[in-house]
Structures are given as C-alpha cells and as structure tokens.
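A.B. asks: Dumping the structure here so I can ask a few things about it.
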Amino acid sequence: MKGKTFHGSNPEEIKEGKITDVYFLRAKRILEAKGINPLVKAEVIAKELPSGWKWGVLAGIEELSHLLEDLPLNVRAMNEGTVFYPEEPVVEIEGKYLDFCVYETSLLGLLCQASGIATKSARLRKLAGDRLLVSFGARRIHPLIAPMVERNAFIGGCDGVAVIKSAEIIGEDPMGTMPHALILILGSTISAVKAFDEIIEPAVKRVALIDTLQDEKFEAIEVAEEMGEKLYAIRLDTPSSRRGNFRKIIEEVKWELSLRGKGNIKIFVSGGIDEDDIVQLNDLVDAYGIGTSISNAPVIDFSLDIVEIEGKPFSKRGKLSGSKRVLKCYECGRRKIIPNRNYEVICECGSRMEDILIPFMERGRVLKELPSPERIRTYVLEQIGKIPL
C-alpha cells in the first residue's frame, strides 16, 4: 500500500537479484534462449579516484560475501580495509556468467559507496591526528543506510558513531553530546547542562553545547564556572551565518577558559567540518564531529568488467584483458599488477612481493573468518600511517 513503507529494498530483494539494471535481465534472457553460459572472470577496478585522491580504502567486502554466498562462484579479493590505488583489481569473480550477472548492480553499489565513505574517513583521520573523530552524519542520509554509512566511517578511522543501531553493529557505545532542542526547551544552556548532569549516568562525559542562545565566550565561562571539574568539554556548533572567523571564536573561548584556570576543558567542534577546516583548526581543537562530509562522501567509481572468457583473455576497449595479480612489497611499499601466473616476484629492493588480491570465496563459501569492524579499523590505521595524502 502506498505511503505505508519506507522507500528502500530489503535483503531478500537484493539476494533475489531484484536490485538490478534491466539490461542485465534482458542479457540473461537472450543468453538463456541461445543456450550460452560461458565460464568467465570479471574484475572490479577503479580507473581513477574522486577529488584528486591518490588512494582509497576498500570497504563493503563483508556485505559482498552475503550477496554472493551459496552461488557457484570463486572470488579473489583484497581484505576489507586494504588501501588500494587506481587500476588495481580489488575483486575478481570466476564463474558461469548467468550465475552472477543480475548481481552486478548491487555488487558495485555495495563496494562503491562503502569505499568512498571509508576513504573519506581515513583522510580526515590522517588530518586530525590523535584528536577524537566522531561520525555525526546520519541525519543527512536515508535511515535505511545509516548503519552502513557509520560502520564504514568507523573502519575508515572515526573513533565512534552517534546512532544507536550503528554502534551496535560496530560493537561500541554510541557517542554524542546534547541537542540544541534540549537547551531551547529548558530555556538556557546552563539549565540543560545541569539537567544532563542530574539525569545522565556519570560514565557519560559532560560536554556542554555553547552556541544556542548567547555568545560562545560567555556561555563557555558560565558553564565552566558552574560545572567545575565535572565539565569535560565544550562543543561549538556555531552556525555559518554567525560564524565569521571560526578560528578566532575558538581562540577567544580558549583564552577565557585558560585565564580562569580551566584550560584543561576540551574543545569539541562540529557543523560542516571538512578537510580544510581540520587543517586550520587542529592546533586549537581536541575533537571533531563530522557529518555531511563523511555521509555524503564521493563514491569510488568501481566498474565490473569481464577480462577472460573460457580461459582466454578477452575484454572491452580501455581494459587490460586477462586475470591479474596485485603484488605489494611489505619492505619498501612498492606495488605491481602482473598477469595471473604462478611465480615468485622479487621487488627492486630485493624483498619478495606478496599477493594482496587473494582467495576469498570458493563455490560461494567464505574461506576464512571475517574480521570485526575494530580489527578492520586497526588495519586501516596501520596502513594510512605510512602513506601521504
């Protein structure tokens, strides 16, 4: 019935192949009518990355495994969270074409958006250094995909997420402060902060939102003096129409707090924060709440293309035919893409190069236990700590 549901698909419809471009169904009908169903290899690759990014973070592999499980397919893939570069195959599927053709649309959708979010989060993480980074972007996206977005923000490098369901998925407690609505309803910032302190369990840090009704400096002074040692941080979410020079506002607040012996109070900023803002504010700020720039991150423009038919290299124009290996030297970091032939490759530095496009599924069965979001996040942080933006 119209108006009685949210406008989205469900897992069963995705698994049934209903989320597919119609031309795949038409191609399937034609091939079935002709009795043609070749064994193919198809690879997922991004020829270039958005916004001038030099590298990406692969995400969506766990969901890919759910999509392809129990299908008679063999899959090689980079581990979820792997840093990849343009032109590198991140996934290769081997199987009869008709067994997976209707899943191409969903498969790419799972990888493209998740990888874009994880990559953007990783970039923000590198810029923020060891400062707290929290995903605040669920209100900018459809609620059906909010947990997916925040999971990938977390594995990319965010320290936490705001939405309850998202936090359950990543196995962490949700993070947040207080809404402007609470301050408006209770009539003042100090009333809201005191009520928060009275009602909310002590384990939750006391963070005062100070931009709702008055000048940030005076509200910061008031809550700091009223709350004393209980106040962990103040959050500035100053609207753009009142912001002017945001850095100067923060400097003024920090000066006044320090002057009164309260320089230990942390500074938390949010509201339209992106990469350039972090560069400008890092020396003043202890924590960031990042919303739209993560939730609306550019997607990675992956494509899925056949590169081999019945054992013979064959691909469309603009694509390198044949199955491939992606190699990395863990000593010096060099990478290579070579034809998929089984021989040892020695790097220019003298070390053995290792395959990073590795067996992931065999006949629709995942070959190893999937890592937790925390383990993937740790893997991402280890990699991005060694490479420049």
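A.B. asks: Look through region 183-221, keep the residues that are in contact with a strand residue (DSSP E or B) (Cβ under 9 Å, 6 or more places away or on another chain) and over 25 Å from E252 (Cβ atoms), and return whichever of them is surrounded by the fewest Cβ atoms within 10 Å (Cβ to Cβ). Step through it out loud before you land on a result.
C.D. replies: First pass over region 183-221, keeping only residues in contact with a strand residue (DSSP E or B) (Cβ under 9 Å, 6 or more places away or on another chain): 183, 189-190, 192-193, 196-197, 200, 205-211, 216, 219-220.
From what's left, over 25 Å from E252 (Cβ atoms): 197, 200.
Working: D197: 16, I200: 12.
Per the stated criteria, the residue is I200.
A.B. asks: Next up: How many of the residues in region 54-70 are more than 14 Å from the chain's Cα centre (by Cα) and buried (at least 18 other Cβ atoms within 10 Å of the Cβ)?
C.D. replies: 4
A.B. asks: Which residue out of A208, A224, A195 is under 23 Å from I290 (Cα atoms) and not in a loop (DSSP other than H, G, I, E, B)?
C.D. replies: Result: A208 is the single residue among A208, A224, A195 that is under 23 Å from I290 (Cα atoms) and not in a loop (DSSP other than H, G, I, E, B).
A.B. asks: Here is a follow-up. Restricting the search to region 252-266, which residues are surrounded by fewer than 14 Cβ atoms within 10 Å (Cβ to Cβ) and either in contact (Cβ under 8 Å) with a residue 12 or more places away in the chain or β-branched (V, I, T) (or both)? Walk me through how you get there before you give the answer.
C.D. replies: Within region 252-266, the first condition is being surrounded by fewer than 14 Cβ atoms within 10 Å (Cβ to Cβ), and the residues that meet it are 255, 258-261, 263-264.
Residue satisfying the conditions is R260 alone.
A.B. asks: Something else now. The conditions are (1) buried (at least 16 other Cβ atoms within 10 Å of the Cβ); (2) at pLDDT 95 or above; (3) outside the structural domain of S106 (by TED's automatic domain parsing), and Q280 fails exactly one of them. Which is it?
C.D. replies: (1) is the only condition that Q280 fails.
A.B. asks: For the subset of region 127-181 comprising residues that are among the acidic types (D, E) and within 24 Å of L284 (Cβ to Cβ), which member is surrounded by the fewest Cβ atoms within 10 Å (Cβ to Cβ)?
C.D. replies: Initial filter on region 127-181 (among the acidic types (D, E)): 130, 150, 159, 168, 172-173.
Retained after the next criterion (residues that are within 24 Å of L284 (Cβ to Cβ)): 130, 159.
Values: D130: 8, D159: 18.
Checking each candidate, the answer is D130.
A.B. asks: I need the full set of residues from region 153-182 which are closer than 23 Å to T238 by Cα and either part of a helix (DSSP H, G or I) or in contact with a strand residue (DSSP E or B) (Cβ under 6 Å, 6 or more places away or on another chain) (or both), in order please.
C.D. replies: C158, D159, G160, V161, M175, T177, M178, H180, A181, L182 - these are the residues of region 153-182 that are closer than 23 Å to T238 by Cα and either part of a helix (DSSP H, G or I) or in contact with a strand residue (DSSP E or B) (Cβ under 6 Å, 6 or more places away or on another chain) (or both).
The values are calculated or read from the model by the stated rules, or taken from the named source; none is laboratory data. Computed from a prediction, not measured in an experiment: that's the story for all the values here. Using ideal geometry, Cβ is built from the backbone for each residue, glycine included, and neighbour counts are taken over all protein chains shown.
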